[in-house]
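Q: Mind having a look at this structure? Questions to follow.
Read-outs: derived from the displayed coordinates by stated rules, not from any lab. None of these values were measured; they are calculated from a predicted model. Note that each Cβ is placed from the backbone with ideal geometry, even for glycine, and that neighbours are counted across all protein chains shown.
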Amino acid sequence: MFVDRNLVQRMKDQYPPGTRIELDFMGDDPRPIAPGTKGTVRIVDDMGTVHCDFDNGRRLGLIPGEDSFHAITERSRSDRDAR
């Protein structure tokens, strides 16, 4: 399997440990996590998989391109809380 080292480094830079994320969509998984579930990044491995501890107690690796997710910034959190 070919691994794009530049993509992996970008993922590591964008999602350092402790980054809060929100799941938008999970690809082909037999036990998917619901969209909107939030979690905390533990690590991005050398394949680019973003390993997270989700607030619902699950621990799972997200695969860029297969799963859709985004970082939650302080601003986006406060915007949602204000609604």
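Q: Using modelled amide H (1.01 Å from N, peptide plane; none on Pro or chain starts), what sits under 5 Å from the amide H of I43, excluding residues fewer than 5 places away?
A: Under 5 Å from the amide H of I43 lie the amide H atoms of H51, each far enough along the sequence or on another chain.
Q: Around T37, which amide H atoms from residues at least 5 apart in sequence, or from another chain, sit under 5 Å from its own amide H, with H modelled in the peptide plane?
A: Here L23 satisfy the definition.
Q: Turning to a different aspect of this structure: Taking Rg and Dmax of the Cα atoms in Å as the quantity of interest, determine which of (1) 13.9, 45; (2) 12.9, 45; (3) 12.4, 38 was computed from the displayed structure.
A: It is the value labelled (2).
Q: I want the local charge near V8. Using Cβ-Cβ distances under 14 Å, sum +1 for each Lys or Arg and -1 for each Asp or Glu among the other residues.
A: Numbers: positive: R5, R10, K12; negative: D4, D13, D45, D46.
Within the 14 Å Cβ shell, the charges total -1.
Q: Could you work out the relative contact order of region 5-82? I mean the mean sequence separation of Cα pairs under 8 Å and 6+ apart, divided by the number of residues, in percent.
A: Working: 136 pairs, mean separation 24.0, N = 78.
Relative CO of region 5-82 lands at 31 percent.
Q: Quick query: amide H of G61 versus all other amide H atoms, modeled in the peptide plane; which residues come in under 5 Å with a sequence gap of 5 or more or a different chain?
A: C52
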